Amino acid sequence: MIVQIAVYVIVMLSWSFYKTRYYFNKKQPKEAVIYSCLMGVCAILGSLVIAHIHVPSSTVLARLMFEHFGKIILQQ
């Protein structure tokens, strides 16, 4: 499993480095930074999924925010 994670991270980093240089060469530094950050998050989450670690859903925050409003609407 460690080899799979290592290969995954190496492939993600190399692809991210290639695309980031592409964006910098095209004079798009904002896009390069955003792309690098998103790929970093994807590399971390992908590594956790490969390691079979439970990752909470990204909708938990939205559910917590709107659950109260839904209960108020249903009570009326």
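Of note:
- Between helix 60-75 and the chain: long-axis angle, C-alpha atoms, 0 to 90°, nearest 10: 20 degrees
- Classification of the chain by its C-alpha gyration tensor yields an oblate form. The axis ratio a/c (a ≥ b ≥ c) is 1.5 or more, and b/c is at least a/b.
- Per-residue Karplus couplings for segment 36-47, computed as 6.51 cos²θ - 1.76 cosθ + 1.60 with θ equal to phi - 60°, are listed in order as 5, 5, 5, 5, x, 5, 5, 5, 5, 5, x, 5 Hz, Gly and Pro entered as x.
- Length added when fully stretched, residue 66-residue 48, from 0.36 nm per residue minus Cα-Cα: 3.7 nm
Only the coordinates and a few stated rules stand behind these numbers; no lab work does. What you see is a predicted model, and the numbers here were worked out from it, not measured in a lab.
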